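The next block holds one structure in the form of structure tokens; read it before the comments.
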Amino acid sequence: THRPNPHFVPNAEVEEALCSLHAGDVLVLHGLSGVGKTQHSVQHAHEHRADYRNVLWASACTTQTLHESIAALAESPELDLPLNPDSELATKIRDLHDWLATESGWLLIFDDANSNEAAREIERFLPAAHGGHVVITAQFTDWTAAFRKQLVDTWDEAQSSAFLTRRLAPHALKEEG
């Protein structure tokens, strides 16, 4: 559902943090609203799709939304979990937790985890040891030491110029032609 932005200008530090993920890593991309946390996650997922057997996306804006998103992931045909369609929400969450603990080569993105409640719920949900990569986008900054944090900051002058150049170049060519 998330498409890459053809006009995306990456932050080199954020890109490096994403590309340095190892099995079992959890990376929180945090910063102000609108600085590109989600866009970095989307770009990473698309550009590195071949590196993952599964790419999973869960909305974490509230704990209820988080639970529903996790349960929906458990029902994904790609995961082929032996679920009963009438299973309780808690059962689906547990089944996905167990799958994450035993499978490897996956990327799980929790988007918009902006509260202490969402942070603690993600921490409770994730298996202590796993063979995947977890990326969390958040404005919330109070994460425990179990999470590696990377600030996504506002653009500097060079990033702003690169973006404007990329965006305006097609228009400049039309005017010249």
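State which residue is nearest to His67 (Cα to Cα) when the search covers only the range 93-105 and only residues that are assigned to a helix (DSSP H, G or I) and open to solvent by 10 Å² or more (accessible area, probe 1.4 Å). The extreme case among them is Ile93.
Every residue, every condition in (1) over 26 Å from Ala145 (Cα atoms); (2) in contact with a Pro (Cβ under 9 Å, 6 or more places away or on another chain), yes or no:
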| residue | (1), (2) |
| --- | --- |
| Leu56 | no, no |
| Ile70 | no, no |
| Ser76 | yes, no |
| Asp80 | yes, no |
| Pro85 | yes, no |
| His97 | no, yes |
| Ser104 | no, no |
| Glu117 | no, no |
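Considering Ala45, Ala60, Ala90, Ala113, the condition of being more than 14 Å from the chain's Cα centre (by Cα) and either surrounded by fewer than 15 Cβ atoms within 10 Å (Cβ to Cβ) or among the small types (Gly, Ala, Ser) (or both) is satisfied by Ala90 alone. Restricting attention to the range 155-165, does a residue exist that is at pLDDT 95 or above, surrounded by fewer than 21 Cβ atoms within 10 Å (Cβ to Cβ) and on the phi < 0 side of the Ramachandran plot? Checked against the condition, which is being at pLDDT 95 or above, surrounded by fewer than 21 Cβ atoms within 10 Å (Cβ to Cβ) and on the phi < 0 side of the Ramachandran plot, the range 155-165 yields no hits at all.
Filtered by the rule that a residue be part of a helix (DSSP H, G or I) and either closer than 22 Å to Trp99 by Cα or in contact with a helix residue (DSSP H, G or I) (Cβ under 7 Å, 6 or more places away or on another chain) (or both), the range 16-40 gives Leu18, His40.
This table checks each residue for (1) modelled with pLDDT of 95 or more; (2) in contact with a helix residue (DSSP H, G or I) (Cβ under 7 Å, 6 or more places away or on another chain); (3) in a helix (DSSP H, G or I).
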residue: Ser69; (1), (2), (3): yes, no, yes
residue: Asn84; (1), (2), (3): no, no, no
residue: Ser87; (1), (2), (3): no, no, no
residue: Leu107; (1), (2), (3): yes, yes, no
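Mind checking which residues of the range 5-15 are open to solvent by less than 60 Å² (accessible area, probe 1.4 Å) and touching a residue at least 40 places away in the same chain (Cβ under 8 Å)? Listed by number, the residues that qualify are His7, Val9, Asn11, Val14. Considering the conditions (1) open to solvent by less than 40 Å² (accessible area, probe 1.4 Å); (2) in contact with a strand residue (DSSP E or B) (Cβ under 9 Å, 6 or more places away or on another chain); (3) free of Cβ contacts under 8 Å to residues at least 60 places away in the same chain, Ala71 is excluded by exactly one of them, (2). Of all the listed residues (Ala113, Ala128, Ala119, Ala145), the sole one being in a loop (DSSP other than H, G, I, E, B) and touching a strand residue (DSSP E or B) at 6+ places or on another chain (Cβ under 8 Å) is Ala113.
The values are calculated or read from the model by the stated rules, or taken from the named source; none is laboratory data. Only a predicted model underlies this, so the values are computations on that prediction, with no experimental measurement involved. FYI the Cβ positions are ideal-geometry reconstructions off the backbone, even for glycines, and counts take in every protein chain you see. Note: accessible area is taken over every heavy atom of the protein model, side chains too, but ligands, DNA and RNA are not part of it. Shrake-Rupley method; radii C 1.70, N 1.55, O 1.52, S 1.80 Å.
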